[in-house]
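The values are calculated or read from the model by the stated rules, or taken from the named source; none is laboratory data. As the structure is a computational prediction, the values presented were derived from the model and not from experiment. Reconstructed Cβ throughout: ideal geometry from the backbone, glycine too, with neighbour counts over all protein chains shown. Heads up: the accessible areas ignore ligands, DNA and RNA and are worked out on the full protein's heavy atoms, side chains in. Shrake-Rupley method; radii C 1.70, N 1.55, O 1.52, S 1.80 Å.
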Amino acid sequence: ELPPVLPPPPAAITLEIGCGHGHFLTRFAEAHPERFCLGIDILSDRLERANKKRNRAGLTNVRFHKVEAVELLECLPAGITFEEVFLLFPDPWPKKRHHKNRLVRPDFLTSLAARMAPGGRFYFRTDHAGYFADGREVLEQHPRWRIVPSAPWPFEEPTVFQLKAPAYQSLVAVVG
């Protein structure tokens, strides 16, 4: 199902996959009123809390919607693209047999690249060293993505998981 109130094409969207309670994206949208932001998650109670944050802040440039990332990419109309995508502290699916559930994998990155605006950026942050190493390798080998080693992180607003993490790693990749 298509998220409600998306801007008309050719608007570029800032997307947060797994937005949780909306801490990061609400603050991002507040700091960037010129950008349309979409946060997605699969848990309704998280989205209810995210929407309360948005409403308290009086923001009109951010929406939260219940949808899986793969489904979102499949249902968006032509012309809707992402300028930047944040994947912050996703479930690491640490067991080898569950790695197919990770989003930083070739097939998902191919679908995401097809939906990115020219020069669009993917921001990935995790406290799971194994997922970070695997994600870096997948991005390095992917023909549509290039890691930008010295790229600055565009906006700092700690997530709930970031506050709990003793350490974490970040990377920025650009579609090309």
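Details
- For the stretch 54-88, taking the residues that are of a type in the set (D, E, K, R) and buried (at least 19 other Cβ atoms within 10 Å of the Cβ), the one that is nearest to A114 (Cα to Cα) is identified as E84.
- Subset tally (residues that are outside any strand (DSSP E or B) and open to solvent by less than 50 Å² (accessible area, probe 1.4 Å)) for the stretch 154-176: 5
- As for the stretch 90-108, it holds at least one residue that is touching a residue at least 40 places away in the same chain (Cβ under 8 Å) and either touching a Leu at 6+ places or on another chain (Cβ under 8 Å) or in a strand (DSSP E or B) (or both).
- Contact annotation: residue pairs with Cβ atoms under 8 Å, 6 or more positions apart or on different chains, pairing a residue in the stretch 140-167 that is in contact (Cβ under 8 Å) with a residue 40 or more places away in the chain with a partner that is part of a helix (DSSP H, G or I) and open to solvent by 100 Å² or more (accessible area, probe 1.4 Å), are F155/R27; E157/R27.
- Residue count, the stretch 70-89 (criterion: part of a loop (DSSP other than H, G, I, E, B) and either basic (K, R) or at pLDDT below 90 (or both)): 5
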